[in-house]
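Enquirer: Pasting a structure below so you can have a look.
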Amino acid sequence: MRLMAFDYGTKRIGIAVTDPMQIIATALTTVHPDEVWKFLEDYLRIEVVEKFVVGKPLQMDGTDSESAIHVLGFVRRLKKTYPTIEIAEVDERFTSKMASAVIAQSGKKKNKRQEKGIVDTISATLILQTYMETKAF
């Protein structure tokens, strides 16, 4: 069974998944928030997901950021739509900056590095990796 992570944004949602053995986190796609429910319906028809991992936007002092209200609404709908799938939240501070650094180190041309969708999927992958690392202890 896979884990699936979300880097939720009001314009795009980055999505990452693990392999069925939950060893490797991989960027999957970026979807518009209006399309995420159809995407999940289609994906879950084919794959089994054990847990959703959602990036929680926090400020430097650990309190919720302004965008946290949107993530909360997304999490509520996930719980309502998929009540049998557990949900974990992970601090997502710095994931966008880390994702940009990963893209820069990959050698992609600058305009490719600036594509927000790539940043979002890599951010989702970093959120998933963070969860997997903390779960291992």
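Enquirer: Please list, ordered by first then second residue, the pairs with beta carbon atoms under 7 Å, 6 or more apart or interchain, first in the stretch 1-26 and free of Cβ contacts under 8 Å to residues at least 40 places away in the same chain, second buried (at least 24 other Cβ atoms within 10 Å of the Cβ).
Expert: From the stretch 1-26, the pairs are I24/T18.
Enquirer: With the condition kept exactly as written, say whether any residue in the stretch 84-91 is within 12 Å of A124 (Cβ to Cβ) and at pLDDT 95 or above.
Expert: No.
Enquirer: If you don't mind, another one. If the Cβ limit is 9 Å and pairs must be 6+ apart or interchain, which residue in the stretch 50-76 that is at positive phi pairs with which residue that is at pLDDT 65 or above and in a strand (DSSP E or B)?
Expert: Pairs found: G62/D91.
The values are calculated or read from the model by the stated rules, or taken from the named source; none is laboratory data. Keep in mind it's a predicted model, so treat the numbers as computed, not measured. When we count neighbours, we look across all protein chains shown, and the Cβ atoms used for this are built from the backbone with ideal geometry, even at glycine.
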